[in-house]
Amino acid sequence: MIRSGWLTDGGGGEPLAVSQGDTAEGRISRADLADVCTQLLFVPEARGKTFEVVAAPAVQASSLASAVTALTPDGT
């Protein structure tokens, strides 16, 4: 399950931060959220994981797939 930050109408394209534990606060453009959802359709390791995603311009961007793969599955 993807939990997004506050949605904005910006153009998107910002680096994103992925985290767990309901600790992330921030914003994400609707365009970036749509892109995240589309990308994760092809990442089987995303199944069974709940996480937050927000824009993080100051963060070094890593691949979305590798960030989600490193997360802990729900219920563990």
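Just so it is clear, none of the values below were taken in a lab; they were calculated from the coordinates. Note that this is a predicted model, so its numbers are computed, not measured. Quick reminder, even Gly has a Cβ in these numbers, built from the backbone with ideal geometry, and neighbours come from all protein chains shown.
Summary table
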{"item": "Highest-MSF residue in the chain out of Gly21, Gly13, Gly48 [GNM, Cα springs under 10 Å]", "result": "Gly21"}
{"item": "Loop-located trypsin sites (Lys or Arg not before Pro) in the chain, at most 14 other Cβ atoms within 10 Å (DSSP)", "result": "Arg47"}
{"item": "Gain in span if fully extended, Ala58 to Cys37, counting 0.36 nm per residue against the direct Cα distance", "result": "5.3 nm"}
{"item": "Mean separation of Cα contacts under 8 Å, 6 or more apart, over the residue count of the chain: relative contact order %", "result": "42 percent"}
{"item": "For the chain, alpha-carbon Rg over 2.2 N^0.38 Å", "result": "1.01"}
{"item": "Degrees between helix 30-40 axis and first principal axis of the chain (Cα, 0 to 90, nearest 10)", "result": "30 degrees"}
